[in-house]
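For reference, the structure is listed below as structure tokens.
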Amino acid sequence: MEQINIYSGKEVISRVLIDNEVETLASVLDPYKKVYAVMDRSVAMDCPMSLAIAEILNSKGAPGMLLDASEQEKTLETVMKICSWLLEQGADRDALVLAVGGGITTDLVGFAASIYKRGVRFAYMPTTLLAQVDAAIGGKTGVNFDNYKNMLGVIRQPKFTFICPKVLESLPPRDFLSGAAEMLKTFIIENDGSYEKAVDWLSGYVASEEPASYLIENSDELAALIASAVLVKAGIVTRDQFEGGERRKLNLGHTFGHAIETLAQRKRTESDDAPDITHGEAVAMGMVLAAALSDAYRRKNGGVLIREDGFEWGLEQRLEADFLSCGLPIGSPFKLSMMAEVMKKDKKAEGDKIHFVLPKFVGEVEIVDLTVEEVLALMSSNH
């Protein structure tokens, strides 16, 4: 079992444990005498590994709650339901609440555990690629509020995150690729060659007639990519747990992406023909827009763009080509002017400026404070 630690000073505050055998969860839970499990209902219904997970939890005498995890249910009301269930079960301050599911499940359960009795221990077993490489790592929890993404929440570390790449074998391709966007994001921030390996691996997955078989046959390479992504994020969180500076880099693609998700959510309440966009898909679109903004910003400020064969080649074009080969969308269904209005209320806004994460090239990003009006002016000059 591979272990990656997150530190506060010299103290280990959270452990990420990676093992391809789900049965290892039993020994990971051994130190905890009072375990309460909250599982995404879709995992219980659709994941072949759910029976093995349930048997482990039953052997620990862990009561279980099924959760309908969706963006529509990512609310304070759902958090209160989890807290009420814990109270009914008699969970005390010595409890460990285990979330089994994707990023919505870990966000909800982590938030509930953080406020129940002023905070009890919690841990995660993420069952989606998105949660394994991003959502379940680093301690961010939260819910949507007033049609804005993750507007309420806390930063509090899980005792551990147990990652079993084998559970991804039954994940629908679209959900898997949604997580791939977050993995690529991590390698755009810091790259030791993993970005290129990930693009190659994902291109093969997309091109395969049997994606599930491809995943099984190339599982070792996938596990290595997951570990590399976790290592990058764990390092950033260790250096800046509460997002005072460097951790903001992890928001690459999210300012634009959250605006896309918010607009899609609003449209769903108004009509039946609203675009169906996953979080990872929105982040992929957001990263392409961030690259376009970065290219425009550097042109204006005399920066150097990538050049090949004497032609100017912006990062936007490279990401578009790479993302398409990985089966990811690259174009937002909403006008930039519509997105701009949403971004004005982004969590990362301070005064009239927003901390935009701009990729300089694959492996390095910078944080630039811009007003929405400045973004619109730059983007209009770039196209």
Inset, instruction - Quick one: check the C-alpha center-to-center distance for the stretch 196-252 versus the stretch 116-172, whole angstrom. - result: 16
Legend entry - Inter-probe distance in nm under a simple model that places probes 7 Å from Cα toward Cβ, at residue 27 and residue 317: 5.2
Legend entry - Residue-wise HN-Hα coupling along the stretch 84-89, computed from phi with Karplus coefficients 6.51, -1.76, 1.60 (Hz; x: Gly, Pro): 5, 5, 4, 5, 4, 7
Inset, instruction - Quick one: what are the phi-derived ³J(HN,Hα) couplings along the stretch 46-54, Karplus 6.51/-1.76/1.60 with θ = phi - 60°, whole Hz, x for glycine and proline? - result: 10, 8, x, 7, 5, 5, 5, 5, 4
Legend entry - Point-to-point label distance, residue 76-residue 239, nm (Cα→Cβ direction, 7 Å offset): 3.6
Inset, instruction - Scan around residue 370 for amide H atoms under 5 Å from its own, H built in the peptide plane at 1.01 Å from N, and keep only partners 5 or more places away or cross-chain. - result: 354, 356
Legend entry - Phi-based couplings in Hz for the stretch 367-378 (Karplus 6.51, -1.76, 1.60; Gly and Pro marked x): 9, 10, 8, 9, 7, 4, 5, 5, 5, 4, 5, 5
Inset, instruction - Counting other beta carbons within 10 Å of each Cβ, put 278, 255 in order, fewest first. - result: 278, 255
Legend entry - Whole-angstrom gap from the stretch 14-45 to the stretch 354-370, using each part's C-alpha centre: 36
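Could you tally the net charge around residue 240, taking each other residue with its Cβ under 13 Å from the Cβ of residue 240, Lys/Arg +1 and Asp/Glu -1?
Residues close to residue 240 contribute a combined charge of +4.
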Inset, instruction - Grab the other residues whose beta carbon is less than 12 angstrom from that of residue 276, score K and R as +1, D and E as -1, and report the net. - result: -2
Legend entry - Residues with amide H under 5 Å from that of residue 253, placed H, sequence gap 5 or more: 357
Legend entry - Nearest-ten-degree value, helix 219-239 long axis tilted from longest Cα axis of the chain: 80
Legend entry - For residue 49, net neighbour charge (Lys/Arg +1, Asp/Glu -1) across residues whose Cβ lies under 9 Å away: 0
Inset, instruction - Sort 355, 254 so that the residue with the fewest other Cβ atoms within 10 Å of its own Cβ comes first and the one with the most comes last. - result: 355, 254
Inset, instruction - Using amide H atoms built 1.01 Å from N in the peptide plane, name the residues 5+ places from residue 36, or on other chains, whose amide H lies under 5 Å from its own. - result: 96, 97, 98
Inset, instruction - Pick out, in residue order, every one of the GluC sites (Glu not before Pro) in the stretch 158-245 that is DSSP loop and has at most 15 other C-beta atoms within 10 Å; say none if there are none. - result: 209
Inset, instruction - Give me the angle, in degrees from 0 to 90, between the Cα long axis of helix 173-189 and the longest principal axis of the Cα atoms of the chain, rounded to the nearest 10. - result: 60
Inset, instruction - Could you line up 381, 178 from fewest to most neighbouring Cβ atoms inside 10 Å? - result: 381, 178
Inset, instruction - Once you've got the Cα coordinates, tell me which of 149/300; 140/347; 159/345; 233/335 are over 23 Å apart. - result: 149/300; 159/345; 233/335
Inset, instruction - Could you pull out which residues in the stretch 314-340 have an amide N less than 14 Å from a spot 7 Å beyond the Cα of residue 273, following the Cα-Cβ vector? - result: none
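Values in this text are rule-based calculations from the coordinates and carry no lab data. All of these numbers come straight from a predicted model, not from anything done at the bench. All Cβ positions, glycine included, derive from the backbone under ideal geometry; neighbour counts span all protein chains shown.
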